[in-house]
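These notes are about the structure you will find just below.
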Amino acid sequence: MSQFFTYAVITATIASAVQYAAPFLLAALGETVGQRSGVLNLGVDGIMLLSAFSCYFVALRTGSDLLGVVVGMLTGAVLGLLTAFMSVTLRAQQGISGIGVYILGLGLSDLLFVRFVGTPLPVSSLPNVSVPGLSRLPALGPMFFQQNWLVYIAFLLVPAVAFFLYRTTYGTRVLAVGENPAAADSVGISVTRTRYATVVFGCTMAGLAGSTLLLLDGIFQENLTQSAGFIAVALVYFGAWRPFGVMTGSLLYGVVTAVVLQWKSLGIIPTSAADLAATAPAVITVLALVVLAGRFKQPSSLGKAYVRGA
Amino acid sequence: MAGTPEVASAGPLLEMRGITKRFPGVLANDNVDFDVRPGEVHALFGENGAGKSTLMHVLYGIHQPDRGTIALGGRPVRIPSPAAAIAMGIGMVHQHFMLVPTLTVAENVSLGLKSSRGPLKDLSRVAARVEELSESYGLRVHPSAKVWQLSVGERQRVEIIKALYRESRLLVLDEPTAVLTPGEVDELFAALRKMASEGCGLVFISHKIREVLGLSDRVTVLRAGRRVATVQAGEVSGEQLAEMMVGRHINREDLTASAVPGRARLSVKGLVVRGDRGTEAVRGVSLEVRAGEIVGIAGVSGNGQRELEEAIAGLRPPAQGSVLVDGAELAGRPSGAVRRAGLGYVPEERMRHGVVGEFSVAENLMLASSNDPALLRRPGFLRRRAVRARARELVAAFDVRTPSLATPVRNLSGGNIQKLIVARELAAQPKVFLVAQPTRGIDVTAARYIHERLRAEAAKGTAVLIVSEDLDEVMTVSTRVLVMYEGRVIGEADPRHTTREAIGLMMAGVVAAGAEPARGPGRELEAAADAEVV
């Protein structure tokens, strides 16, 4: 145990915790905005998978991470349109249609990989970017300010999404649509347009999350996300639909993941228990959810399609 | 409004001609004409289902008419959506408020409007305007309060301020007084009169004769989707209006003197019940209902009546206190045990909690007695024929109008559904009969019938407890009235010797002279319960 409590190991663990948290945070922030408008999207994981593949494919062919990320996000946006079409226009049962999107993403990403790539070649992994000044701070510098650019984007989006939801008129409209769509409709806010916008945004974020995950790994494989998208949905509940709450949940998840990996490599966790330990982040997240469940009220219209006059 | 004199001098503000609107199976509006002049209050009067709300939903762009024309200020218009209606200066205060509970008053008032700060909210400016409006119309409300914290009366003020903020020239109020205390009704009417005096046109939807005559200039009566008449409010009596509404002569409700009450069959002592938010909704209520009595609980909704009622019915475990039916302790027991102990219960939301809408009339009638050996072949197996026979008897005995016993209950009218629930509950011959909102939203004839059944039941020695937000109903049916305010029984009155106003004051939390405070052992117990709570 003592070999864990050294300056170098702890800073490295926290730094990787922050990095692990980033894709969950991106996906969960997007899902937060969608759920705040009343749409439950369970297809996040499938969208992340398909985006991860398209990011991988483009990055592999062009050698450009950035182009890969852009195409990954576009993939998310297109799947967002599909999700919104099913949930909003067709008024499908959101839990079920989301699982459909998940299965589509899971199967299609692997199919495309086998068909168009076949042999797993790595793409260049993301370089870390040191923030001038801040990165030289003792402890904090190596933990938080020597990360790759996608991690910075993920954490900067937290205050951005909070500002959008709570300080802008558009944010208020999103909240109104999620709490009482009939009230929003009665003052001339289009419930349909609002929900399309939030769902497409959420899915674009899922696309960014999938791309981030891919670039952190540097290589595509079947079911690359390992259900990260579902964890992201759980983190939205954990964070009580608040951006900073979601960030707290993502960090908790990242810390547990990083500590487990670190302990494994240091031999604190015996190899025989390694598989069991790998479930720890999910188990702890679920336990936290159980403890927190019901403390906060979910958006009143969450999961319910809106029909005027009904 | 005040700043638009050209409207005040023009002809009708609104002219609806030959409006016809058909829903599957119903002709909701049949060739209806309706107009509103600037500066007038025009009441739209009729029973539930007469087509009042449909007509106004057509005006507000929620429904499109099948036939007919709408003109605003003399110009023909098409109103495709609520947004279009708002843009044309039409405001609507819906029966179910169109507010977002998690947002503040100012956010609700300005929802959907452009902000002076572009994408950013300009709440301080909105708040200032809300305070101005609130001041000048006597509609007290705090701009930065969250709507979920507000009382029903305050929420309604927010709705009216919302319309004023949007500079509506034509304001429709759908049954605005249903949820208010008499004092709040007076304040509302004062604000509406001020709006009218400034040239605004007001449509007042109601089925309360007293209020229609008290507030409006003209009255249009609708019956079964058709316009019966449009009359000057000053030239018509309450009886005439009532006859126009139901289409025939109706007698005054007969107030039979009740029998001398017997022993206590229901006694509730020091009951404390938590509401959905975990706060104490019922804060130490003690009451007794004796055999042969009809006790009415009056109060503005949200003062703990629903929680009290659910605690007695076994649907919500109380935090403290006891509920005795004929001496048997039932507090915290499940609803099945409470029912077996002799409690009959008609819940407030009849479609959600009273019946299974998709089930047939016969099936709904046997829901409470599905273990009755008379209906069973052997345990767990129903005798269909016996179920139908029982249903046929009850349908006849309680005058439930249904096309057949196999008709799904959701297809019946509100009045017939309520009669069906009352039939089912009384068939079990309860010792205590608890009825929440006995006649809310049902037609006069059915309401009359249910009141008669309640009296007959009391005469048989059942203890009847009704909870109602309709003060007129409580006053006509009950032999004793209890008023609930903020989770407590604040006072008790004999309806034959108390005025509406005195009870109205109690509903607003003021114990008036002339009304007795809660008396006897109940009061001491209540005080004891309070002490424990504190």
Residue in the range B:403-410 that is closer than 19 Å to B:A447 by Cα, hydroxyl-bearing (S, T, Y) and under 29 Å from the mean Cα position of the chain (by Cα) present: no
For B:G68: the one exception among (1) at pLDDT 90 or above; (2) assigned by TED's automatic domain parsing to the domain that holds B:Q156: (2)
Determine which member of the set B:G74, B:G118, B:G61, B:G153 is at pLDDT 90 or above, in contact with a helix residue (DSSP H, G or I) (Cβ under 9 Å, 6 or more places away or on another chain) and not assigned by TED's automatic domain parsing to the domain that holds B:E469. B:G61
Pick from A:L165, A:L112: which is within 14 Å of chain B (Cβ to nearest Cβ), surrounded by 14 or more Cβ atoms within 10 Å (Cβ to Cβ) and assigned to a helix (DSSP H, G or I)? A:L165
For the subset of the range B:88-118 comprising residues that are of a type in the set (A, V, I, L, M, F, W, C) and in a loop (DSSP other than H, G, I, E, B), which member is surrounded by the fewest Cβ atoms within 10 Å (Cβ to Cβ)? B:L113
Kindly provide the set of residues from the range B:283-298 that are of a type in the set (G, A, S) and either out of contact with any strand residue (DSSP E or B) (no Cβ under 6 Å at 6 or more places or on another chain) or closer than 15 Å to B:K269 by Cβ (or both), ordered by number. B:G284, B:S286, B:G292
Counting residues that are modelled with pLDDT of 90 or more and out of contact with any Cys (no Cβ under 8 Å at 6 or more places or on another chain), which strands (runs of 3 or more DSSP E) fully inside the range B:318-412 reach at least 1? B:320-325, B:343-346
Unique match (being of a type in the set (V, I, T) and surrounded by fewer than 24 Cβ atoms within 10 Å (Cβ to Cβ)) among A:V33, A:V9: A:V9
Residues that are among the charged types (D, E, K, R) and crowded, with 22+ Cβ neighbours inside 10 Å: does the range B:310-329 have at least one? yes
Residues of the range A:168-219 that turn out to be at the interface with chain B (Cβ under 7 Å from one of its Cβ atoms), in contact (Cβ under 8 Å) with a residue 40 or more places away in the chain and either within 14 Å of A:R308 (Cβ to Cβ) or not aliphatic (A, V, I, L, M) (or both), as a count: 4
With respect to A:T271, determine if the residue is within 22 Å of the chain's Cα centre (by Cα) and polar (S, T, N, Q). no
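Yes/no matrix, rows are residues, columns are (1) of a type in the set (D, E, K, R); (2) more than 15 Å from B:A298 (Cβ to Cβ):
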| residue | (1), (2) |
| --- | --- |
| B:Q429 | no, yes |
| B:R440 | yes, no |
| B:I450 | no, yes |
| B:L454 | no, yes |
| B:I490 | no, no |
| B:P495 | no, no |
Identify the residue in the range B:98-132 that is of a type in the set (V, I, T) and within 8 Å of another protein chain (Cβ to nearest Cβ) and, among all such residues, is farthest from the chain's Cα centre (by Cα). B:T102
Exclusive hit being more than 23 Å from B:I205 (Cα to Cα) and aliphatic (A, V, I, L, M), set B:V93, B:V105: B:V105
Counted residues, the range B:119-173 - those being polar (S, T, N, Q), within 24 Å of B:S216 (Cβ to Cβ) and part of a loop (DSSP other than H, G, I, E, B): 1
Please indicate, with yes or no, whether at least one residue in the range A:134-157 is buried (at least 17 other Cβ atoms within 10 Å of the Cβ), of a type outside the set (K, R), under 30 Å from B:V147 (Cα atoms) and in contact (Cβ under 8 Å) with a residue 60 or more places away in the chain. yes
Residue hits (the range B:161-172; within 20 Å of B:A43 (Cβ to Cβ) and within 14 Å of chain A (Cβ to nearest Cβ)) are B:A163, B:S168, B:L171, B:V172
Subset of the range B:44-87, residues assigned to a loop (DSSP other than H, G, I, E, B), within 14 Å of chain A (Cβ to nearest Cβ) and surrounded by fewer than 19 Cβ atoms within 10 Å (Cβ to Cβ), comes to B:Q64, B:P80, B:S81
Looking at B:V300, is it in a strand (DSSP E or B) and either out of contact with any Phe, Trp or Tyr (no Cβ under 6 Å at 6 or more places or on another chain) or farther than 20 Å from B:E492 by Cβ (or both)? no
Qualifying positions in the range A:171-195 - more than 17 Å from A:T32 (Cβ to Cβ) and either of a type in the set (A, V, I, L, M, F, W, C) or part of a helix (DSSP H, G or I) (or both): A:P181, A:A182, A:A183, A:A184, A:D185, A:S186, A:V187, A:I189, A:V191, A:T192, A:R193
Counting only residues that are closer than 26 Å to A:G245 by Cα, at pLDDT 80 or above and within 14 Å of chain B (Cβ to nearest Cβ), how many does the range A:258-306 have? 7
The range A:286-299 residues that are of a type in the set (S, T, N, Q), paired with ones that are part of a helix (DSSP H, G or I) (beta carbon under 8 Å, 6 or more apart): A:Q298/A:Q35; A:Q298/A:Y237
Could you tell me whether the range B:355-372 includes any residue that is surrounded by 20 or more Cβ atoms within 10 Å (Cβ to Cβ) and under 23 Å from the mean Cα position of the chain (by Cα)? yes
When only residues in the range B:138-149 that are of a type outside the set (K, R), touching a residue at least 12 places away in the same chain (Cβ under 8 Å) and surrounded by fewer than 21 Cβ atoms within 10 Å (Cβ to Cβ) count, which is nearest to the other protein chains (Cβ to nearest Cβ)? B:W148
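The values are calculated or read from the model by the stated rules, or taken from the named source; none is laboratory data. Since we're looking at a predicted model, the values are computed, not measured. Quick reminder, even Gly has a Cβ in these numbers, built from the backbone with ideal geometry, and neighbours come from all protein chains shown.
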